[in-house]
Amino acid sequence: MDDLIEVAEYDPAWPAMFHRECEAIRGRLPAAETLEHIGSTAIPGLAAKPTIDIMVGVKTLAVGEGVISGLADLRYRYLGEYGIPGRHFFPKGGSRTHHVHWVRRDADFWQKQLVFRDYLRANPQEASEYEGVKRRLAERFHNDRDSYTRSKTDCVLTLLERAWQWRGAKLIVLDLEAACWKDEPRSPRMETIEIGAVRLDASLRPEAEFSRLIKPRWEPALSEFCRGLTSITQADVDSAEGFPAVFADFVRWIGPGPFRLASWSDYDLKQLQRDCLRHGVDFPAPLECHLDMRSHFARRMKVEPCPMTKAFERLGLTLEGVLHRALPDARNIAKVAQLVLKGMRDDSLPNPA
């Protein structure tokens, strides 16, 4: 019965159910700082699976035994990330009457859930079209939750892209170059040696650029392979500032939100997080809100994930600038983002077969 998909008519009692459950959770867990009603039951008038989704936002993502046992007292089971990094998932009971999503406030899951919810609350026509998609999928996959969820992903991503534009969010298209060695791909020794970024406004128009070299700390001498691949010289990095100073300037350059990062795969985001950890620098939660343009392009074009050069071939575009330099690569990724994301904003919602 866990996988039975039921799309029920909107129940005006759902908000009250959310508030009652929040009081119970706060009674067990004072650390539950901020609770938000998310998912379809949080959107007035929208038919939904009758499950109340509760998002708990905290400063630190980790959950201890106190959180797990406190929610267990309310019949919640702890299932770890359950397929979504950056979230701890707790369904309630065998029938899943409630879900708790324990996440870092202002990070990726938090921001995406709120902008999606608020957009549909403010746009009833879009909510109605989304309801139609869900009803068709529920009829098709009535006892297969995983297939139901996968099949509505295109629709959700399209609505989410429109929601970001509605919110006025900037897109920070990022590329990094890191110290590297010929026979050590993705080595843990790698340090960022260049950050390049293009800031697009809410309408996807370029408005500013960032480009800085970084002096590596632990292995200051660049390998011959790295110098040849990137065209970055030893003198270039020797005269640069260290990572903490450049990263702080990058964060200031991004400016106030709302915004999200975008890069070709999630490598650049993870490398920045590793560098921050090694240098003892705080990684701001909003920077975790990230768009993997390689995966987004592949899903949109219905192809396998591919290098950026192959994406340009498929789109009939010409790469500009020197490859494997951060700012030229960021400019090229921004061109793909503009085409793919504008198409999602302009098209009708995907209609599942």
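The values are calculated or read from the model by the stated rules, or taken from the named source; none is laboratory data. This one's a predicted model, so the numbers in the text were calculated from it and none came from an experiment. Every residue, glycine among them, receives a Cβ derived from its backbone with ideal geometry; neighbour counts consider all protein chains shown.
A few remarks follow.
- Annotation: of all residues in the stretch 283-301 being within 29 Å of TRP218 (Cα to Cα), touching a residue at least 40 places away in the same chain (Cβ under 8 Å) and under 11 Å from the mean Cα position of the chain (by Cα), the one that is surrounded by the most Cβ atoms within 10 Å (Cβ to Cβ) is CYS289.
- Within the stretch 222-254, the set of residues being part of a loop (DSSP other than H, G, I, E, B) and surrounded by 12 or more Cβ atoms within 10 Å (Cβ to Cβ) comprises LEU222, SER223, SER231, ILE232, THR233, ALA240, GLU241, GLY242.
- So PRO350, is it in a loop (DSSP other than H, G, I, E, B) and either touching a Lys or Arg at 6+ places or on another chain (Cβ under 9 Å) or touching a residue at least 24 places away in the same chain (Cβ under 8 Å) (or both): yes
- Taking the numbered list (1) crowded, with 18+ Cβ neighbours inside 10 Å; (2) over 20 Å from the mean Cα position of the chain (by Cα) in turn, ARG28 passes all entries but (1).
- Among (1) in contact with a Ser or Thr (Cβ under 9 Å, 6 or more places away or on another chain); (2) closer than 30 Å to THR149 by Cα; (3) at pLDDT 95 or above; (4) in a helix (DSSP H, G or I) - the single one ARG345 does not satisfy: (3)
- Filter result for PHE210 (surrounded by 14 or more Cβ atoms within 10 Å (Cβ to Cβ) and closer than 16 Å to ASN332 by Cβ): yes
- Condition broken by ASP118, with the remaining ones in (1) modelled with pLDDT of 95 or more; (2) out of contact with any Lys or Arg (no Cβ under 9 Å at 6 or more places or on another chain); (3) surrounded by fewer than 17 Cβ atoms within 10 Å (Cβ to Cβ); (4) closer than 25 Å to ALA16 by Cα satisfied: (2)
- Qualifying residue in the stretch 269-282 (condition: free of Cβ contacts under 8 Å to residues at least 60 places away in the same chain, assigned to a helix (DSSP H, G or I) and of a type in the set (Val, Ile, Thr)): no
- Residues of the stretch 67-107 satisfying the condition of being assigned to a helix (DSSP H, G or I), out of contact with any strand residue (DSSP E or B) (no Cβ under 6 Å at 6 or more places or on another chain) and touching a residue at least 40 places away in the same chain (Cβ under 8 Å): GLY70
- The residues listed here are LYS152, LYS134, LYS215, LYS112; of these, the one that is free of Cβ contacts under 8 Å to residues at least 40 places away in the same chain, out of contact with any strand residue (DSSP E or B) (no Cβ under 6 Å at 6 or more places or on another chain) and buried (at least 17 other Cβ atoms within 10 Å of the Cβ) is LYS215.
- Selected residue (criterion: farthest from LEU261 (Cα to Cα)) from residues of the stretch 78-115 that are modelled with pLDDT under 95 and of a type in the set (S, T, N, Q): SER95
- Residue list for the stretch 306-338, restricted to those being assigned to a helix (DSSP H, G or I) and loosely packed, with under 15 Cβ neighbours inside 10 Å: THR309, LYS310, GLU313, ARG314, LEU315
- Note on the stretch 174-207: among residues that are farther than 30 Å from GLY255 by Cα and hydrophobic (A, V, I, L, M, F, W, C), the one that is surrounded by the fewest Cβ atoms within 10 Å (Cβ to Cβ) is TRP181.
- Test for TYR119: is it of a type in the set (Phe, Trp, Tyr) and not in a helix (DSSP H, G or I): no
- Just one of the numbered conditions (1) more than 23 Å from GLU194 (Cβ to Cβ); (2) part of a helix (DSSP H, G or I); (3) of a type in the set (Val, Ile, Thr) is not true of VAL303: (2).
- For CYS226, the criteria (1) within 24 Å of PRO307 (Cα to Cα); (2) touching a residue at least 12 places away in the same chain (Cβ under 8 Å); (3) touching a helix residue (DSSP H, G or I) at 6+ places or on another chain (Cβ under 8 Å) hold in every case but one, which is (3).
- Filtered residues of the stretch 299-352 (kept if hydroxyl-bearing (Ser, Thr, Tyr) and closer than 25 Å to LEU160 by Cβ): SER348
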